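The values are calculated or read from the model by the stated rules, or taken from the named source; none is laboratory data. This is a predicted model, so every value here is computed, not measured. So basically every Cβ, Gly included, is an ideal-geometry build from the backbone, and we count neighbours across all protein chains shown.
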Amino acid sequence: MRLRLLVAIPLMLALAACETVQTTQGGAVGVQRQQMMFGGLSSAQVNQMAAESYAGMLDEARKEKKLNTDAALVRRLRGIADNLVPQVTHFRPDARNWDWEVNVIESEQLNASCMPGGKILFFSGIVTRLELTDDEIAQIMGHEMAHALREHGREAVSRAYAAQTGTQVVGALLGLGEGSRQAADAAVQYGLMMPHSRTNETEADLIGLELAARAGYNPQAAITLWQKMAAASGGSPPAFLSTHPSPQGRIQTLRDTIPRVQPLYEQARR
């Protein structure tokens with residue numbers, strides 16, 4: 001009975017406080033999932049918070065003399081972004097008018113991101129250490145842009161709100177002690193938040209694949225990219241405990257989807 005309540009209460013609270021939205025059109029890859037967003041937090045608010053956080057990261061990197069130190073790499077990444085951004089209209093037309101920005105921090109990290117509202121950040125190591133081609137860079141950048149298009153950041157905040165509120169109410173109603181409260185937190189984390197996070201990653205893979213194809217970047221590069229990432233990571237945690245799909249599962253999903261976007265790539269290359 002307690003387990004059923006533990007699962008049901010956060011979901012009921014989420015439904016009461018959230019609204020159902022469709023942030024993007026499905027595209028050729030068919031991402032059609034409707035999303036639950038906390039009604040008290042608008043896209044504009046999330047974008048503003050993201051812009052402030054992004055500016056802070058740039059200021060810190062600038063002070064450390066690590067911001068945009070490789071002019072050729074910066075030009076390369078911004079050129080790829082210039083090709084990708086016009087394609088966002090196929091998923092959400094309003095995103096074409098976002099204040100898109102690309103910057104590079106000198107770091108060995110294998111990482112990149114696109115914050116809500118279109119603020120793209122690459123760490124130089126992901127390009128240099130993996131010796132990425134432009135096609136492979138486009139897959140990463142498209143993936144990160146897709147997170148912004150789908151408002152996965154706002155969705156994550158909404159899930160965190162539901163999870164935090166849910167565990168607090170469960171504890172109050174059932175009189176859970178500290179140990180039981182930790183178990184409740186874990187149940188909500190893995191039962192409510194983690195599966196959605198993996199779903200978000202898969203959606204970003206698929207939308208990014210289509211964005212890159214429409215911009216004239218070879219879809220097959222998605223396979224070589226994640227093969228390189230898997231080799232560099234030296235293994236990964238089990239998929240059911242990870243916010244990212246396993247490398248094997250991710251690659252197979254991409255292989256299955258490439259035929260849908262291959263005609264778009266061929267058309268863009270004409």
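Summary table
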{"item": "Count of segment 61-100 residues which are farther than 20 Å from residue 212 by Cα and in a helix (DSSP H, G or I)", "result": "5"}
{"item": "Residues of segment 85-119 that turn out to be of a type in the set (A, V, I, L, M) and under 19 Å from residue 206 (Cβ atoms), as a count", "result": "4"}
{"item": "Residue under evaluation residue 41, criteria (1) modelled with pLDDT under 95; (2) in a helix (DSSP H, G or I), criterion not met", "result": "(2)"}
{"item": "Test: residue 46 is surrounded by fewer than 20 Cβ atoms within 10 Å (Cβ to Cβ), at pLDDT below 95 and β-branched (Val, Ile, Thr)", "result": "no"}
{"item": "Residue under evaluation residue 63, criteria (1) under 22 Å from residue 141 (Cβ atoms); (2) modelled with pLDDT of 95 or more, criterion not met", "result": "(1)"}
{"item": "Qualifying positions in segment 5-37 - modelled with pLDDT of 80 or more and not in a loop (DSSP other than H, G, I, E, B)", "result": "19, 20, 21, 35, 36, 37"}
{"item": "Qualifying residue in segment 87-94 (condition: touching a strand residue (DSSP E or B) at 6+ places or on another chain (Cβ under 9 Å) and either hydroxyl-bearing (Ser, Thr, Tyr) or buried (at least 20 other Cβ atoms within 10 Å of the Cβ) (or both))", "result": "no"}
{"item": "Per-region count, segment 115-143, residues at pLDDT below 95 and either crowded, with 23+ Cβ neighbours inside 10 Å or of a type in the set (Val, Ile, Thr) (or both)", "result": "1"}
